[in-house]
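The values are calculated or read from the model by the stated rules, or taken from the named source; none is laboratory data. Computed from a predicted structure; not experimentally measured. Cβ placement follows ideal geometry from the backbone for every residue including glycine, while neighbour counts extend to all protein chains displayed. Surface areas here come from the heavy atoms of the whole protein model, side chains and all, with no ligands, DNA or RNA. Shrake-Rupley method; radii C 1.70, N 1.55, O 1.52, S 1.80 Å.
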Amino acid sequence: MTEEPHIPFDCTVLYEDERIIVVDKPHFLATTPRGMWYRETALIRLRQTYGEPDIIPAHRLDRLTAGIVVFVRDRASRGAYQLLFQNHLAVKTYECLAPLRPIGRPCFGTIRKLEPPRPFPLERRSRIVKQRGILQAYEEPGTPNAETLIERVGLGHMDRTGYPLSGMDGRHMVARYVLHPRTGKTHQLRVHMNSLGLPIVGDDFYPRIIEHAYDDFSNPLELVARELEFDDPLTGEHRRFTSRIPLNEWLGEWR
(Lines give C-alpha, C1' and ligand atoms only; values in the text may rest on other atoms or scores of the structure.)
Protein backbone atom coordinates (compact mmCIF):
# COMPACT_ATOMS: atom_id res chain seq x y z
CA MET A 1 0.00 0.00 0.00
CA THR A 2 1.28 3.49 -0.83
CA GLU A 3 -0.88 5.08 1.87
CA GLU A 4 -1.53 3.26 5.10
CA PRO A 5 -4.06 4.50 7.65
CA HIS A 6 -2.45 6.06 10.72
CA ILE A 7 -3.09 4.48 14.13
CA PRO A 8 -3.26 7.49 16.49
CA PHE A 9 -1.87 5.70 19.55
CA ASP A 10 1.74 5.36 20.67
CA CYS A 11 3.72 2.50 22.17
CA THR A 12 5.27 3.48 25.50
CA VAL A 13 8.69 2.00 26.20
CA LEU A 14 8.68 0.73 29.79
CA TYR A 15 12.18 -0.79 29.83
CA GLU A 16 15.17 -1.33 27.59
CA ASP A 17 18.67 -2.70 27.80
CA GLU A 18 21.18 -4.02 25.28
CA ARG A 19 19.07 -7.14 24.64
CA ILE A 20 15.37 -6.32 25.00
CA ILE A 21 12.81 -3.51 24.70
CA VAL A 22 9.56 -3.82 26.68
CA VAL A 23 6.62 -1.77 25.45
CA ASP A 24 3.09 -0.99 26.54
CA LYS A 25 1.21 -1.65 23.30
CA PRO A 26 -2.04 0.28 22.77
CA HIS A 27 -5.29 -1.13 21.48
CA PHE A 28 -5.66 -1.28 17.67
CA LEU A 29 -1.90 -1.44 16.97
CA ALA A 30 -0.77 -4.81 15.60
CA THR A 31 2.40 -6.35 17.04
CA THR A 32 3.79 -7.29 13.62
CA PRO A 33 2.85 -6.60 9.96
CA ARG A 34 -0.25 -8.40 8.79
CA GLY A 35 -2.96 -7.74 6.23
CA MET A 36 -3.30 -4.02 5.53
CA TRP A 37 -0.95 -3.05 8.37
CA TYR A 38 2.81 -2.73 7.89
CA ARG A 39 4.28 0.62 8.96
CA GLU A 40 1.50 1.07 11.52
CA THR A 41 2.63 -1.82 13.70
CA ALA A 42 4.61 -1.93 16.93
CA LEU A 43 7.51 -3.78 15.30
CA ILE A 44 8.05 -1.42 12.38
CA ARG A 45 7.62 1.64 14.58
CA LEU A 46 10.33 0.35 16.93
CA ARG A 47 12.70 -0.49 14.07
CA GLN A 48 12.28 3.00 12.66
CA THR A 49 12.59 4.74 16.02
CA TYR A 50 15.77 2.92 17.03
CA GLY A 51 17.20 2.45 13.54
CA GLU A 52 17.62 -1.25 14.32
CA PRO A 53 16.23 -3.56 11.60
CA ASP A 54 17.03 -6.69 13.63
CA ILE A 55 14.42 -6.03 16.35
CA ILE A 56 11.88 -8.86 16.56
CA PRO A 57 9.07 -9.75 19.01
CA ALA A 58 9.64 -12.48 21.58
CA HIS A 59 5.86 -13.07 21.59
CA ARG A 60 2.71 -11.37 20.30
CA LEU A 61 -0.56 -9.77 21.34
CA ASP A 62 -3.66 -9.53 19.18
CA ARG A 63 -4.07 -6.19 17.44
CA LEU A 64 -7.10 -5.36 19.59
CA THR A 65 -5.47 -6.37 22.89
CA ALA A 66 -3.38 -3.80 24.74
CA GLY A 67 -0.52 -4.36 27.17
CA ILE A 68 2.99 -5.69 27.68
CA VAL A 69 5.05 -6.98 24.74
CA VAL A 70 8.75 -7.89 24.80
CA PHE A 71 10.93 -7.25 21.75
CA VAL A 72 14.46 -8.59 21.28
CA ARG A 73 17.08 -6.29 19.74
CA ASP A 74 20.14 -8.56 20.07
CA ARG A 75 20.37 -11.32 17.43
CA ALA A 76 22.30 -13.66 19.73
CA SER A 77 19.55 -13.41 22.37
CA ARG A 78 16.56 -14.13 20.14
CA GLY A 79 16.30 -17.85 20.77
CA ALA A 80 16.55 -17.58 24.56
CA TYR A 81 13.71 -15.07 24.87
CA GLN A 82 11.47 -16.72 22.30
CA LEU A 83 11.85 -20.10 24.03
CA LEU A 84 10.88 -18.43 27.30
CA PHE A 85 7.44 -17.77 25.83
CA GLN A 86 7.16 -20.90 23.69
CA ASN A 87 7.80 -23.05 26.78
CA HIS A 88 5.26 -21.06 28.86
CA LEU A 89 7.89 -19.98 31.40
CA ALA A 90 6.61 -16.40 31.48
CA VAL A 91 3.65 -15.72 33.81
CA LYS A 92 0.98 -13.56 32.16
CA THR A 93 -1.88 -11.77 33.89
CA TYR A 94 -4.69 -10.06 31.97
CA GLU A 95 -7.56 -7.83 32.99
CA CYS A 96 -10.84 -7.32 31.19
CA LEU A 97 -14.30 -5.84 31.52
CA ALA A 98 -17.23 -8.19 30.96
CA PRO A 99 -20.89 -8.47 31.99
CA LEU A 100 -21.78 -8.91 35.64
CA ARG A 101 -24.16 -11.85 35.48
CA PRO A 102 -24.32 -15.55 36.44
CA ILE A 103 -22.00 -17.74 34.42
CA GLY A 104 -23.49 -19.80 31.62
CA ARG A 105 -23.01 -23.47 30.88
CA PRO A 106 -20.48 -24.03 28.07
CA CYS A 107 -21.22 -26.52 25.31
CA PHE A 108 -17.80 -28.16 25.65
CA GLY A 109 -15.05 -28.47 28.22
CA THR A 110 -15.19 -28.09 31.98
CA ILE A 111 -15.62 -25.50 34.72
CA ARG A 112 -14.14 -26.09 38.17
CA LYS A 113 -14.97 -23.72 41.01
CA LEU A 114 -11.86 -23.26 43.11
CA GLU A 115 -13.61 -21.88 46.22
CA PRO A 116 -17.13 -23.40 46.16
CA PRO A 117 -19.87 -22.38 46.53
CA ARG A 118 -18.48 -19.06 45.28
CA PRO A 119 -18.65 -18.86 41.47
CA PHE A 120 -15.16 -17.33 41.25
CA PRO A 121 -12.31 -18.01 41.02
CA LEU A 122 -12.84 -20.78 38.52
CA GLU A 123 -10.78 -22.91 36.18
CA ARG A 124 -11.99 -23.14 32.59
CA ARG A 125 -10.63 -25.93 30.37
CA SER A 126 -11.63 -26.79 26.81
CA ARG A 127 -10.36 -27.72 23.38
CA ILE A 128 -9.93 -24.64 21.15
CA VAL A 129 -9.35 -24.83 17.41
CA LYS A 130 -8.41 -21.96 15.09
CA GLN A 131 -8.41 -22.64 11.34
CA ARG A 132 -6.44 -20.51 8.91
CA GLY A 133 -8.70 -18.16 6.97
CA ILE A 134 -11.51 -18.28 9.55
CA LEU A 135 -11.71 -15.28 11.87
CA GLN A 136 -13.21 -16.98 14.90
CA ALA A 137 -11.67 -19.74 16.96
CA TYR A 138 -14.11 -22.29 18.31
CA GLU A 139 -14.42 -25.00 20.94
CA GLU A 140 -15.02 -28.65 20.12
CA PRO A 141 -15.25 -31.96 21.97
CA GLY A 142 -11.97 -33.62 22.83
CA THR A 143 -8.97 -33.43 25.11
CA PRO A 144 -8.62 -29.87 26.46
CA ASN A 145 -5.70 -27.88 25.06
CA ALA A 146 -6.59 -24.52 26.64
CA GLU A 147 -6.79 -23.62 30.32
CA THR A 148 -7.57 -20.30 32.01
CA LEU A 149 -7.98 -19.33 35.66
CA ILE A 150 -10.61 -16.58 35.96
CA GLU A 151 -11.20 -14.25 38.93
CA ARG A 152 -13.87 -11.60 39.36
CA VAL A 153 -12.32 -8.77 41.34
CA GLY A 154 -14.49 -5.70 40.85
CA LEU A 155 -18.28 -5.48 40.92
CA GLY A 156 -20.55 -2.92 39.40
CA HIS A 157 -20.17 -0.02 37.06
CA MET A 158 -18.33 3.11 38.14
CA ASP A 159 -18.16 6.59 36.73
CA ARG A 160 -14.95 8.62 36.53
CA THR A 161 -15.23 9.61 40.21
CA GLY A 162 -15.36 6.00 41.35
CA TYR A 163 -19.04 6.02 42.32
CA PRO A 164 -21.66 3.62 40.92
CA LEU A 165 -23.61 4.96 37.97
CA SER A 166 -27.31 5.39 38.54
CA GLY A 167 -29.95 3.95 36.25
CA MET A 168 -27.92 0.85 35.35
CA ASP A 169 -29.93 -2.35 35.43
CA GLY A 170 -28.49 -5.84 35.70
CA ARG A 171 -28.32 -6.31 31.94
CA HIS A 172 -25.82 -3.47 31.62
CA MET A 173 -23.67 -3.97 34.69
CA VAL A 174 -20.06 -4.86 34.06
CA ALA A 175 -17.32 -6.21 36.28
CA ARG A 176 -13.56 -6.42 36.18
CA TYR A 177 -12.08 -9.88 35.72
CA VAL A 178 -8.49 -11.04 36.12
CA LEU A 179 -7.46 -13.80 33.72
CA HIS A 180 -4.50 -16.14 34.14
CA PRO A 181 -3.91 -18.15 30.94
CA ARG A 182 -2.03 -21.36 31.56
CA THR A 183 -1.84 -22.10 27.84
CA GLY A 184 -1.60 -19.83 24.82
CA LYS A 185 -4.16 -20.76 22.18
CA THR A 186 -5.30 -18.11 19.69
CA HIS A 187 -8.14 -15.98 21.13
CA GLN A 188 -8.17 -18.23 24.20
CA LEU A 189 -9.28 -15.59 26.71
CA ARG A 190 -11.96 -14.20 24.43
CA VAL A 191 -13.30 -17.67 23.63
CA HIS A 192 -13.32 -18.80 27.27
CA MET A 193 -15.07 -15.67 28.51
CA ASN A 194 -17.66 -15.87 25.73
CA SER A 195 -18.29 -19.56 26.45
CA LEU A 196 -19.26 -18.59 30.01
CA GLY A 197 -21.81 -16.09 28.70
CA LEU A 198 -19.44 -13.24 29.63
CA PRO A 199 -18.14 -11.83 26.33
CA ILE A 200 -15.49 -9.15 26.85
CA VAL A 201 -16.77 -5.61 26.35
CA GLY A 202 -15.85 -4.33 22.88
CA ASP A 203 -15.20 -7.81 21.43
CA ASP A 204 -16.20 -7.70 17.76
CA PHE A 205 -15.51 -11.42 17.16
CA TYR A 206 -17.35 -13.13 20.02
CA PRO A 207 -20.15 -14.04 20.23
CA ARG A 208 -20.60 -12.69 16.69
CA ILE A 209 -18.50 -10.86 14.13
CA ILE A 210 -19.22 -7.13 13.99
CA GLU A 211 -17.62 -5.12 11.23
CA HIS A 212 -16.14 -1.68 11.94
CA ALA A 213 -14.44 0.85 9.70
CA TYR A 214 -10.65 0.49 9.82
CA ASP A 215 -10.36 3.97 11.35
CA ASP A 216 -13.08 3.52 13.99
CA PHE A 217 -11.26 3.58 17.33
CA SER A 218 -14.32 4.33 19.44
CA ASN A 219 -14.95 0.86 20.85
CA PRO A 220 -11.74 -0.83 22.05
CA LEU A 221 -11.65 -4.41 23.24
CA GLU A 222 -11.53 -4.04 27.01
CA LEU A 223 -8.70 -6.53 27.46
CA VAL A 224 -5.22 -5.60 28.70
CA ALA A 225 -2.15 -7.80 29.19
CA ARG A 226 -1.64 -6.23 32.60
CA GLU A 227 1.41 -7.97 33.99
CA LEU A 228 4.29 -10.10 32.74
CA GLU A 229 6.79 -11.91 34.99
CA PHE A 230 9.76 -14.09 34.11
CA ASP A 231 13.30 -14.98 35.10
CA ASP A 232 15.61 -13.51 32.51
CA PRO A 233 16.99 -16.47 30.52
CA LEU A 234 20.43 -14.87 30.21
CA THR A 235 20.99 -13.13 33.56
CA GLY A 236 18.62 -15.06 35.84
CA GLU A 237 17.22 -11.75 37.11
CA HIS A 238 13.53 -11.82 38.00
CA ARG A 239 11.63 -9.29 35.92
CA ARG A 240 8.13 -7.92 36.32
CA PHE A 241 6.47 -5.43 33.98
CA THR A 242 3.06 -3.82 34.48
CA SER A 243 0.92 -2.13 31.84
CA ARG A 244 -0.30 1.39 32.59
CA ILE A 245 -3.12 1.25 30.05
CA PRO A 246 -6.43 1.58 31.93
CA LEU A 247 -9.56 -0.33 31.29
CA ASN A 248 -12.24 2.08 30.15
CA GLU A 249 -13.04 4.38 33.07
CA TRP A 250 -16.50 5.13 31.79
CA LEU A 251 -18.78 3.17 29.54
CA GLY A 252 -22.16 3.96 28.15
CA GLU A 253 -24.59 1.08 28.15
CA TRP A 254 -22.80 -2.15 27.43
CA ARG A 255 -23.96 -3.16 23.97
Task: Extended-chain gain in nm, criterion 0.36 nm per residue less alpha-carbon gap, His6 and Arg208 - done: 70.0 nm
Open item on the list: No solvent, one uniform scatterer per C-alpha: report log10 I(q)/I(0) for the chain via the Debye equation at q = 0.07, 0.09, 0.12, 0.17 1/Å, two decimals.
Closed with: -0.25, -0.42, -0.76, -1.43
Open item on the list: Give me the percent relative contact order of the chain, please, defined on Cα pairs under 8 angstrom at least 6 residues apart.
Closed with: 20
Open item on the list: What's the longest uninterrupted piece of the chain once you rule out the GluC sites (Glu not before Pro) that are loop residues per DSSP with at most 15 other Cβ within 10 Å?
Closed with: 19-210
Open item on the list: So if each residue of separation counts as 0.36 nm, and I subtract the Cα-Cα distance between Arg39 and Asp215, what length gain in nm does that give?
Closed with: 61.8 nm
Open item on the list: Projecting each Cα onto the charge dipole of the chain (Lys/Arg +1, Asp/Glu -1 at the beta carbon, about the Cα centre), which of Ile245, Gly109, Val70 comes out farthest on the positive side?
Closed with: Gly109
Open item on the list: Under the 0.36 nm per residue contour assumption, what length would be gained going from the current alpha-carbon distance of Arg239 and Val129 to full extension?
Closed with: 36.4 nm
Task: Share antiparallel - DSSP beta bridges, the range 16-82, percent rounded to 5 - done: 90
Task: All aspartates and glutamates inside 20 Å of Lys130 as judged from Cα atoms, apart from same-chain residues fewer than 8 positions distant - done: Asp62, Glu139, Glu140, Glu147, Asp203, Asp204, Glu211
Open item on the list: Can you compute 3J(HN,Hα) from phi for each residue in the range 9-17, using the Karplus curve 6.51 cos²θ - 1.76 cosθ + 1.60 with θ = phi - 60°, rounded to whole Hz and x for Gly and Pro?
Closed with: 9, 9, 7, 9, 7, 8, 7, 8, 9
Task: Extent along principal axes [Cα atoms of the range 1-93; Å; largest to smallest] - done: 38, 29, 23
- [ ] Treat each spin label as a single point 7 Å out from the Cα along the C-beta direction, and report the Glu151 to Met173 distance in nm.
- [x] 2.1
Open item on the list: Tell me the per residue accessible area of the chain using a 1.4 Å probe; a whole number in Å² is fine.
Closed with: 53
